[in-house]
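See structure below.
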Amino acid sequence: MALWALALPCAAQDAPTAEVSIEERVATYRIFGRSALELAGQMRQYGPQHAYGGRRLAGSTDWNVTWTYQSLPRRDRCELISVTVGAEIVTTLPEWSGARVDSDLAREWRRFYKSLQAHEAGHVQHGREAVLAVRDAMLARRSAPDCKLLRRALDDAARAQLRRYTALTRRYDAQTEFGLRQGVQLRP
């Protein structure tokens with residue numbers, strides 16, 4: 001598990017402060033088998049369910065981005081004081097005890113698993129980038145005529161970035177065929 005935290009002081013006086021916190025972890029599910037066919041079947045049966053298609057995959061990465069902010073009325077406007085953006089990024093991968101054995105199947109598993117990790121790392125990167133994009137989009141909206149309008153502008157800016165990065169991660173899956181083009185397939 002990795003936890004990132006970053007507080008960014010701004011140079012200008014009365015500029016809003018920003019804090020980013022990203023928690024990353026890996027979850028596993030166990031599979032058992034003595035052939036590539038059995039292992040693939042177990043992953044189809046027990047693997048994480050894809051959020052947008054419902055089908056089960058060998059691995060997945062989910063990220064959940066949250067944000068809070070503080071604002072204050074000042075000089076006939078509402079000004080942003082601080083922004084905090086956080087994310088939990090969870091990668092789910094299969095765990096097969098046979099991977100430690102020296103066999104053709106174990107070598108194939110290790111190749112497959114390395115490809116799966118590389119594919120999921122792309123999704124992790126999208127989650128990290130989404131957090132920073134949400135922070136930057138919110139910091140770009142420093143004030144509004146009143147606090148209700150500022151809250152709406154901040155939330156809209158954050159949601160727009162989440163839509164953008166959700167679309168990016170979907171395109172990534174489409175372009176890589178859910179990792180198949182990156183070697184995420186067990187070969188008999």
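The values are calculated or read from the model by the stated rules, or taken from the named source; none is laboratory data. All of these numbers come straight from a predicted model, not from anything done at the bench. Every residue, glycine among them, receives a Cβ derived from its backbone with ideal geometry; neighbour counts consider all protein chains shown. The protein model used for the area step is the full one, side chains on, heavy atoms only, and it has no ligands, DNA or RNA in it. Shrake-Rupley method; radii C 1.70, N 1.55, O 1.52, S 1.80 Å.
Note that the chain presents 58 Å² accessible area per residue, ligands and nucleic acids not counted, probe 1.4 Å.
Note on GLN175 and ARG187: their simple-model spin labels are 2.5 nm apart, each label 7 Å out from Cα toward Cβ.
Once the Cβ-Cβ distance of ASP146 and ILE81 is raised to the sixth power relative to R0 = 22 Å, the FRET efficiency obtained is 0.90.
Label zone of GLU108 (point 7 Å out along Cα→Cβ, amide N under 16 Å): in segment 32-63 this covers 32-44. In this structure, the amide hydrogen of SER143, modeled 1.01 Å from its nitrogen in the peptide plane, lies closer than 5 angstrom to those of LEU80, counting only residues at least 5 positions away or on a different chain.
Shown is the FRET efficiency for ARG55 and ASP155, computed with R0 = 30 Å from the Cβ-Cβ distance and rounded to the nearest 0.05: 0.40. Atom-type composition of the exposed protein surface of the chain places 51 percent of the accessible area on carbon and sulfur (1.4 angstrom probe).
Scalar couplings 3J(HN,Hα) for segment 142-158, obtained by applying the Karplus form with A = 6.51, B = -1.76, C = 1.60 to θ = phi - 60°, are 8, 7, 8, x, 8, 5, 5, 5, 5, 4, 4, 5, 5, 5, 5, 5, 5 Hz; x denotes Gly and Pro. For the chain, DSSP calls about 60 percent of its internal beta bridges antiparallel.
Using a ≥ b ≥ c from the Cα gyration tensor of segment 125-179 (square roots of the eigenvalues), is it rounded, prolate or oblate, where a/c under 1.5 gives rounded and otherwise the larger of a/b and b/c decides, a/b for prolate? The shape class here is prolate. Summary of packing: across the peptides 79-89, 106-116, 20-30, the per-residue average of other C-beta atoms within 10 Å ranks them, highest first, as 79-89, 106-116, 20-30. When the alpha carbon gyration tensor of the chain is reduced to an equivalent ellipsoid, its three semi-axes come out at 43, 15, 12 angstrom, largest first.
Karplus-based coupling profile of segment 83-98, in residue order and whole Hz: 9, 10, 10, x, 8, 10, 10, 10, 9, 10, 10, x, 10, 10, 5, x, with θ = phi - 60° in 6.51 cos²θ - 1.76 cosθ + 1.60 and x standing for Gly or Pro. Helical runs (DSSP H, four residues minimum) scored at -39500 (n - 2.57) apiece and divided by the length of the chain put the mean residue ellipticity at 222 nm at -14500 deg cm²/dmol.
For segment 78-131, the spherically averaged projection of the C-alpha convex hull amounts to 4.9 nm².
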